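Report on the following structure.
Bear in mind these aren't lab numbers, they're just calculated from the coordinates by the rules spelled out. Just so it is clear, the model here is predicted, and its values are computed rather than measured. Reconstructed Cβ throughout: ideal geometry from the backbone, glycine too, with neighbour counts over all protein chains shown.
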Amino acid sequence: MHTKRMAMTKWNEQRAARADRISAGQAYADGKMVPAGRLTEFFETVIRSGDRVCIEGDNQKQADLLAKALANVAPERIHDLHMVQSGVVLPEHLDLFDKGIARRLDFSYSGPQSARIARMLFGGQIELGAVHTYLELFARYFIDLTPNVALIAAVSADREGNLYTGPNTEDTPTVVEATSFKDGLVIAQVGEIVDRVPRVDIPGDLVHFVVDAKAPFYVEPLFTRDPAAVTETQILTAMLAIKGLYAPYGVKRLNHGIGFSTAAIELLLPTYGEALGLRGKICSHFALNPHPTLIPAIEAGWVEQIHCFGSEVGMEDYVAARSDVFFTGPDGSLRSNRAFCQTAGLYACDMFIGSTLQIDLAGHSSTVTTSRIAGFGGAPNMGSDPHGRRHPSAPWLQAGAEADSTSPAPLRRGRKLVVQIGETFGDKNVPLFVEQLDALALAQKLGLDLAPVMVYGDDVTHIVTEEGIANLLLCRTVDEREQAIRGVAGYTDIGRQRDRKMVERLRERRIIQRPEDLGINPLDADRSLLAARSIKDLMLASGGLYKPPSRFRNW
Amino acid sequence: MTALPHHNASTSWFEATARQRLAALLDHKSFAEFLGPEQRETSPHLGLFDLPRQFDDGIVVGRARLDNRPIFVAAQEGRFMGGAFGEVHGAKLTGLLRAAGIHRQDVVLLFDTGGVRLQEANAGELAISEIIRAIVEARIAGCSVIGLIGGRAGCYGGGGIIAGCCSHLIVSEQGRISVSGPEVIETNRGVEEFDSRDRAFVWRTMGGKHRYLIGGADDFVNDNADGFRAATIAALAKRQPLTTSVLEAEQKRLANRLDRFGQAQDGIDVWTALGITDPVGLPGSATEAFLEQALDKRENANGAR
């Protein structure tokens, strides 16, 4: 390639190619506006076989209209596309591979399509590049996976193509930056065309075509947890986390996972946390989506600042009315940004706490089962110790000192607290602790170089279950680490095979802490401790600003 | 040790256990349990399926006083197998109702049930029939049988039919009354017929407000023991034995209801037909505002049931 370029001394072929595509697209467009009815023919004109294509979509918003239209192009005209996108979430994302339109895939998250994607990978319909974390895939957009075409979604556009993304900005700036500044083509679907957008999230000169979908893009309310479903065991684990981790480390800057255990923590802050006198001492700064379950803590004055990956359905008005807490634009509504928030979660937070499906004896954890590939999303970025971090903070230094008691303090790395929280038996009584992760069997079945591990054992610092807290930072040998994990694994097979004497010694060294060691009576773990016990309570706590989606309302 | 800020257990009927509901509903320390958990009368079937049993089989029955009036009372525990009817569970309720008929005692039933327990379906279905017969006999004997509905599991399946045989029903917003549950309807008739995941729709068709508006319940109360207690005391003061004319009136009422609303696709259609001013905003309205709206618009079961 390099020698060819030297011989022909052509340095602007990509720009010329984009200009060609834009002019070919004019056959269907009025200025930048492409009618929705002609999208498929339009795609057949501006997209080329072999292109790297990003259909915008993650675990929240989706460029659904553009995804459907792309899945309808004729495979004899467009084929061998290389899809490079955060989310494989809509059926159409995989229809592309079934129909022979796309061949290769690099992605990050596949939630609802996790079973089908596993079948298609196994059946050979998809040639897999890799499963990434969000931040990793975004990084590769700028190095070796730059899209030739990006199909993105926004709330509204003006005639020049300036885009308003509303609260769900999410991945859009990152995708557009990588595509448009590297001579790729950017095509946006919008809910409406307006004379003047409420704020410019994406400048029009980076956007080449706009389609009026006449309807909002699809958004999944993925971060809404109904307090009515929080169990007493989850409340107990939440009490252990607050009193046994948040308080002693003084964790102020953090990220919470998506599960019910962390929702329980959020709902206990204004009650249990308040009773422990922790307001102002913990949980003041978050990298977090606007979780409805955080409303009572925000209202009680716990939270100073939250930066968001995306928005959450129904939280728009509440967020807009709490601009001291959230990042908002001149139009008043939330500005989210996944890439920045992932970076914030990685480098500026002292703790990640989240749930998982399986933990092995080394502390590796995974949400993969043998028949599903759900991808990683952002959790591995949150749940890892960033070796590039250089600024100190009390929790980071304390964790570092626990991990390494011998190095001189000025030369000792701090450690991010990476906490796995869960019930020893999860949904349908499936044990959380396993001898071997299903991810290994899957990797073998698909011939992957790497097993899809969500959080590596060497990044995990604590495991919290209803039986207690295991502090892995304080373990000095592989054996101690294994027994610390067995020591909180309850009545699972892993837990019952513990070395009782060693577990007792670990408890004396406070590597394992039981509820009673922390002054917690399990009988106090009652639903009446929750600051809100239903979605309606959350709505009332928000003063009516939170508008729960229909599927969460029991009234 | 820090004093923990627990809510009072009686603040939410929906949240409370069967025993917490009884404690908050009845006169202080007036409850005497029949066949309590210490008797260990557990299900003879669940063990076959390697399922956990409960010493009271998910129902608490006994005698008590309510505003100093003697009553028989039963409370289902929705947290144990969704409050479902099994052999022992059903037999305890049947026995209580038969005793009520014999001793001329009014009965208060605290429903919280998904219907018959699948693992002991035959015994459960038989129990439903026996319970219905016992209710009818008690009512013919002059007893009131009052149903309270506001628990997590709602009042579904055979429970919904039993509720239909009561002389008086009290419901909260959270309460749901129906025979087939949302998932069952969706499975059998398709998501176009009934989207069980749309919970607001579930409540618009089966929820407390809707049932009250179409005369499917007689009182609508706040989600707390005080609300249920006051309404139960008031209901106990009325007396309406089951007679042929009451049954005929009930038949006529239900025929009229079908006539008037049979074509409606959604609760909102029914409320519009009733003349509710803001049918779309109705689910969000607070109790007082809702009762005011409903006052002269709702269908009621006066003279029937």
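What ranking of B:PHE49, B:PHE228 emerges when the number of other C-beta atoms within 10 Å of each C-beta is taken as an exposure proxy, fewest first?
In order of increasing Cβ crowding within 10 Å: B:PHE49, B:PHE228.
Using only atoms on other chains, find how many Cβ atoms lie within 10 Å of each Cβ of peptide A:543-555 and report the average.
Per residue, the number of nearby Cβ atoms from other chains is 5 on average.
With 10 angstrom as the radius, rank A:LYS547, A:LYS501, A:LYS428 by how many other C-beta atoms surround their C-beta, starting from the fewest.
Ordered from fewest to most neighbouring Cβ atoms within 10 Å, A:LYS547, A:LYS501, A:LYS428 come out as A:LYS428, A:LYS501, A:LYS547.
Quick one: what are the phi-derived ³J(HN,Hα) couplings along the stretch B:71-88, Karplus 6.51/-1.76/1.60 with θ = phi - 60°, whole Hz, x for glycine and proline?
9, 9, 9, 9, 10, 8, 9, x, 7, 9, 6, x, x, 6, 7, x, 5, 5
Please list B:246-256, A:118-128 highest first by mean number of surrounding beta-carbon atoms within 10 Å per residue.
A:118-128, B:246-256
If each Cα of chain A is one equal point scatterer, what is log10 of I(q)/I(0) from the Debye formula at q = 0.11 Å⁻¹?
The calculated log intensity ratios at q = 0.11 Å⁻¹ are -1.01.
Looking at the stretch A:350-513, what % of the alpha carbon pairs are farther apart than 21 Å?
47 percent
Could you give the distance between the Cα centres of the stretch A:167-205 and the stretch B:82-98, to the whole Å?
63 Å
Roughly how many whole Å is it from the C-alpha centroid of the stretch A:34-59 to that of the stretch B:130-206?
After rounding, the separation between the Cα centres reads 50 Å.
Compute the distance from the alpha-carbon center of the stretch A:494-550 to that of the stretch B:213-283, in whole Å.
Using only Cα atoms, the two centres lie 41 Å from each other.
Run down the lysines and flag those whose C-alpha is under 28 Å from the C-alpha of A:LYS182, throwing out any fewer than 8 positions away in its chain.
A:LYS4, A:LYS10, A:LYS32, A:LYS61, A:LYS68
So what is the relative contact order for the stretch A:2-219, in percent, with contacts set as C-alpha pairs under 8 Å and at least six apart?
So the answer I get is 22 percent.
List the lysines whose alpha-carbon lies under 26 Å from that of A:LYS445, not counting same-chain residues fewer than 8 positions away?
Partners found: A:LYS99, A:LYS428.
For helix B:225-237, what angle does its Cα long axis make with the longest principal axis of chain B, in degrees from 0 to 90 and rounded to 10?
Tilt relative to chain B: about 90 degrees.
What's the exposure ranking of A:SER323, B:SER180, going from fewest to most Cβ atoms within 10 Å?
A:SER323, B:SER180
Over chain B, what relative contact order in percent results from Cα pairs under 8 Å that are six or more residues apart?
15 percent
Using Cα springs under 10 Å in a Gaussian network model of chain B, which residue among B:ALA100, B:ALA200, B:ALA231 shows the largest mean-square fluctuation?
B:ALA200
Got the relative contact order for the stretch A:221-332 handy, in percent, Cα pairs under 8 Å and 6 or more residues apart?
27 percent
Can you tell me which of B:ARG229, B:ARG257, B:ARG65 moves the most in a GNM of chain B? Springs connect C-alpha atoms under 10 Å apart.
Of the options given, B:ARG257 has the highest mean-square fluctuation.
Would you mind checking A:LYS547/B:LYS252; A:LYS281/A:LYS547; B:LYS29/B:LYS238; A:LYS252/A:LYS536 for any pair whose Cα atoms are more than 32 angstrom apart?
From A:LYS547/B:LYS252; A:LYS281/A:LYS547; B:LYS29/B:LYS238; A:LYS252/A:LYS536, over 32 Å: A:LYS547/B:LYS252.
Averaged over all directions, how much area does the convex hull of the C-alpha atoms of the stretch A:2-219 cover when projected, in nm²?
Spelled out: convex hull of the Cα atoms, projected over all directions, averaged, 11.9 nm².
List the lysines whose Cα sits under 18 Å from the Cα of B:LYS297, skipping any in the same chain fewer than 8 residues away.
B:LYS209
Would you compute, from DSSP H runs of 4+ residues alone, the mean residue ellipticity of chain A at 222 nm, taking -39500 (n - 2.57) per run and dividing by the full residue count, rounded to the nearest 500?
-8000 deg cm²/dmol
For chain B, what does the helix formula give at 222 nm: sum of -39500 (n - 2.57) over DSSP H segments with n ≥ 4, over the residue count, nearest 500 deg cm²/dmol?
-12000 deg cm²/dmol, from helical runs alone.
Find the Rg to Rh ratio for chain B, where Rh is the Kirkwood radius over alpha-carbon pairs and Rg uses the same atoms.
0.96
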